[in-house]
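Some notes on the structure that comes next.
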Amino acid sequence: MRRLLTLATIVTLGIVAVLAAQSRQAPAGTAHNGKAFKFNKIADGIYHAVGSGTLAVVGNSSFIVNDNDVIVVDDHVSPAAAWVLLEEIKEVTNKPVTTVINTHFHFDHAHGNQIFDQRVVNIIGHEFTRQMLLNNSIGMPLYRNYVTGLPGQIDDLKKRLATESDATTQASLERQIAVAENNRAAQAELKPTPPNVTLTDRMTLYRGSREIQIRHLGRGHTAGDIVVFLPREKVVMTGDFLTAGLSNLSDSFPDEWVASLNELKKLDFDTVLPGHGDAFTDKAKIGYWQDYLRDVWTEVSRLKQQGVSAEDAAKRADLTKHSAHLPINGPGVPLIGVQRIYALIDQRTAAR
Ligand SMILES: [Zn+2]
């Protein structure tokens, strides 16, 4: 009997091990104090996961708890952040994560992919997202700027700590240093991992009564952004195709993005779960972002035509008229976005 029980235990443990969504060993940099995520419940089984600040996670994720499984949309900035997300999801449900969806290839949305056991987990993304993560996504300026900036950030925090006398500020700086050092350790283990299931236009997952549409609405924030649309619950997860504030332009097609956002307007949803910022219901934000995109293109093109360098244009481009609806405090556009628009104009001029 005892032998039988032991055998049953081994078989059970074996099945559990095979079904575990993530690799068995925790990656570097997972240490943190207190919950790393705030899970905002949006509808039955639908959560928007926003970082609390105790661990570097950068972008938001969402997850969908179905009858028998869990689907995760975006997996943050590092294997460590994705690992901790899964640990905290286990406090909500013991159902297995079977599916991860990458809204796009950027580091703050897809750099957790490597922790998932691809024998049991499908990682879904646009074909372009796969190509970027297979090839040189970490050589692109957005990630290079981010990762090469980390040591300097840590040094700055340490310098501030050395001269700080207020105990509360000291404690806050110490926390920020710990978070940044863990992130640096986590980035050192990064192995960009592409989706193993791709789409170019649309795909639909069915889970019981739940329908989960994955839609590419045209080029915009990148050439391969997708949104995850739940028609019954009227929820859409937009990644950085539409955020609560400004999206970065480093790999964007600003003029095409305006048209792609018109396609988003056609979907029947009430709630947006963005890749940055809190969930919102105000659909007017789509129009505010379209207006900004039109104007940033016009303004930066005007400066380029005048022979202004990208560096100076980044300081001078004035989008302050959008400050009522977007977090803009004065003239200036991130240099990486200006460089992108300059490059697009040059490519189009050359192609003519
Ligand atoms: Zn992002």
Could you check ASN183 against (1) in contact with a helix residue (DSSP H, G or I) (Cβ under 7 Å, 6 or more places away or on another chain); (2) surrounded by fewer than 19 Cβ atoms within 10 Å (Cβ to Cβ) and say which number it fails?
-> (2)
Wholly enclosed strands (runs of 3 or more DSSP E) of the range 203-278 bearing at least 3 residues in contact with a Gly (Cβ under 9 Å, 6 or more places away or on another chain) and within 16 Å of the ligand (Cβ to nearest atom) = 235-239
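Coordinate-derived values only; no laboratory data. The model shown is predicted, which means the values in this text are computed figures rather than measured ones. All Cβ positions, even for glycine, are placed from backbone atoms using ideal geometry, and neighbour counts span all protein chains on display.
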